[in-house]
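*Asks:* Below you will find the structure I want to go over with you.
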Amino acid sequence: MTNKAMQRAYEILEGTTNDKITKSFQIFIIILIAVNVLVVIIETEESVLDEYGYLFTPFEVFSIIVFTVEYAGRITVCKLNPKYQHSKYSIIRFLVTPMMLIDLAAILPFFLPFVVTDVRFIRIIRLLRLFRLFKLARYSEPMQTLGDVFKSKAGDLAVAFFILFIVLIFASSLMYHAEHEAQPELFSSIPSSMWWGVITLTTIGYGDVYPVTIAGKIIGAGVAILGIAVYAIPTGIMASAFTEELRKKRDQKNNTCPHCGKDFTHT
């Protein structure tokens with residue numbers, strides 16, 4: 001492949017230009033991903049599978065060809081990315097990036113059944129086709145924003161969920177000791193009591209497991225109230241992070257020339 005052709009392939013695959021070919025390629029991939037996810041969903045309906053199942057296999061083969069060519073193409077032109085030009089192990093670094101791992105997960109379910117014979121494992125593998133939905137992160141600005149939010153607030157979210165985990169352990173332990181004698185089949189251990197703890201802390205309350213003793217009811221009421229406050233922490237973090245990220249993108253867009261892409265703040 002000539003340097004000019006590789007450069008053009010890089011521009012199309014990475015979306016560094018806004019010409020018609022690049023936009024058409026992105027729209028095509030987005031539609032193909034959406035249809036793939038739809039097929040994975042509707043083929044679980046036996047009546048649809050029996051009547052139209054013969055159409056799914058050719059479509060799956062076509063999709064795998066496209067996704068495999070795209071995956072191989074990205075590996076071929078990765079050296080044109082400035083991030084991977086001066087590294088000895090640039091290809092390895094590129095292959096283990098989150099988006100390339102997602103691309104690999106999108107095509108593996110087709111090839112693994114050729115080497116794996118266990119029927120149950122094959123069914124699980126086929127569910128991995130839903131990973132193709134995450135490929136939209138390359139082409140969808142909202143999904144990119146979601147990724148940026150998780151990346152920027154990963155530490156804060158980790159602390160919030162660690163607090164939630166501690167509360168869950170304490171709540172489940174207290175409920176186990178309060179209800180074990182009255183309901184040994186439902187609160188047989190602390191791990192089994194954690195089901196009640198998760199459902200109560202999230203304020204869902206299925207009603208399949210609930211306290212019957214006075215001590216258990218008092219603990220349950222306290223945990224339910226505490227759950228509202230605990231789950232508000234990650235919710236508040238995500239809400240503020242989304243607001244901050246959207247503001248950054250809006251400011252960046254307002255400070256960038258729509259024609260040449262130059263930043264007004266540096267002129």
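*Asks:* Restricting the stretch 14-49 to residues that are over 26 Å from the mean Cα position of the chain (by Cα), among the charged types (D, E, K, R) and over 20 Å from LEU127 (Cβ atoms), which is surrounded by the most Cβ atoms within 10 Å (Cβ to Cβ)?
*Replies:* ASP19
*Asks:* Would you mind finding the one in THR68, THR57 that is in a helix (DSSP H, G or I), surrounded by 13 or more Cβ atoms within 10 Å (Cβ to Cβ) and either in contact with an Asp or Glu (Cβ under 7 Å, 6 or more places away or on another chain) or modelled with pLDDT of 85 or more (or both)?
*Replies:* On inspection, the qualifying residue turns out to be THR68.
*Asks:* Please determine, by comparing only the residues of the stretch 71-96 that are of a type in the set (Lys, Arg) and assigned to a helix (DSSP H, G or I), which one is surrounded by the most Cβ atoms within 10 Å (Cβ to Cβ).
*Replies:* That would be ARG74.
*Asks:* Output the qualifying pairs, or none if there are none: Cβ atoms under 8 angstrom, residues six or more apart or on different chains, first residue in the stretch 189-217 and in the same structural domain as ILE228 (by TED's automatic domain parsing), second residue hydroxyl-bearing (Ser, Thr, Tyr) and not in a helix (DSSP H, G or I).
*Replies:* TRP196/TYR210; ILE199/TYR206
Listed here are the residues, each with its yes/no results for (1) over 30 Å from ASN36 (Cβ atoms); (2) surrounded by 14 or more Cβ atoms within 10 Å (Cβ to Cβ).
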| site | (1), (2) |
| --- | --- |
| LEU112 | no, yes |
| LYS151 | no, no |
| PHE165 | yes, no |
| PRO184 | yes, no |
| GLY197 | yes, yes |
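The values are calculated or read from the model by the stated rules, or taken from the named source; none is laboratory data. Please read all numbers here as calculations on a predicted model, not as lab measurements. With ideal geometry, Cβ positions are generated from the backbone for all residues, glycine too; neighbour counts draw on all protein chains shown.
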